[in-house]
1. Between SER99 and VAL3, what length in nm is gained on full extension when 0.36 nm per residue of separation is reduced by their alpha carbon distance?
2. Could you compute the FRET efficiency for ARG60 and ARG148, with r as their C-beta to C-beta distance and R0 at 51 Å, rounded to 0.05?
3. Tell me which chymotrypsin sites (Phe, Trp or Tyr not before Pro) from region 187-251 have a DSSP coil assignment and no more than 14 other beta carbons within 10 Å of their own.
4. Based on the Cβ-Cβ distance of ASP211 and SER68, what FRET efficiency does E = 1/(1 + (r/R0)^6) give at R0 = 25 Å, to the nearest 0.05?
5. Treat every Asp and Glu Cβ in region 6-247 as -1 and every Lys and Arg Cβ as +1, leave all other atoms uncharged, and give the resulting dipole magnitude about the Cα centre to the nearest 20 debye.
6. Multiplying the sequence separation of THR219 and THR123 by 0.36 nm and subtracting their Cα-Cα distance, what value in nm do you get?
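Computed from the coordinates by the stated procedures, all read-outs in this text should not be read as laboratory data. Keep in mind the model is a prediction, meaning the values are calculated, not measured. A quick note on method: Cβ atoms are made from the backbone with ideal geometry, for glycine too, and the neighbour counts reach across all protein chains shown.
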Amino acid sequence: MNVISTAVLLLAGNDPRYADETEHIPYGLLEVDGRTLLQCAIDQLRQGGMKRIIIVTGQRSRSLAALSQTPGVEVIYDALFADFGSMFALRRIAPFIHSFPFLLVESTLLFESRVARLAHGMTSPNGIVVAETNKAVTGILAEATNSRLLALTRSQIPAQARSAGSYLSLGILKISRHLFAEMLAFAVQRTYTDPFLDYVECVNGVAPAVDIRLAVASTHLWSRINSRPDVDWALNHLYPRILQQQQHPSL
């Protein structure tokens, strides 16, 4: 099994849902206890074994400028990333990814280091870290059979309408050289007519031909940050538990 040493953090686009903060601030730059979600993710990825972390962004900020001076962290900026889909950004930064597999991580996540280690330790070449859920949720949902991915969807699906093979995806993917090449090939065909193509659509496009497995993080600490109330909840409830887990890994 190849050792994973690289993680790509997506902080590429704008979203009108961020307007209740400052002007179109991405969720990854929201702060929990004085630290951005991006900073928290970098810490957890390092503890999970990542040596090189690439931040893909269409944003400029003081916090990103400071992170670019951090050893092992690279910030790849292109103003176009803010206006196009995530696969446009991944196509542009493909030459900077030198080792495979790598982890693809969304900056909207607050998670503990065991999540990264779970992705790192998957025996399958390609995988997605997921969690089971029995309630209506908003995020990336994964449909699977026998732990093999069928499809991902970004939507809210009521629990009663979902099948037993549905999971809530954490937005952390383990991507092999083969899977990435297939995603890029799919994107080349689609982005001529759809510059807003999302990586989720590419994963769906190649899933029938590429074996992508799920790893269930049933007891791990994590949350997807979708709003200011999510940040407040994470600050008061989740973040203290993550800190406690870091200090006492056996808990």
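1. 33.6 nm
2. FRET efficiency, ARG60 to ARG148: 0.80.
3. Passing both the DSSP loop test and the Cβ count: TYR192, PHE196.
4. Approximately 0.10, to the nearest 0.05.
5. Taking the Cα centre of region 6-247 as origin, the dipole is about 640 debye.
6. 32.6 nm
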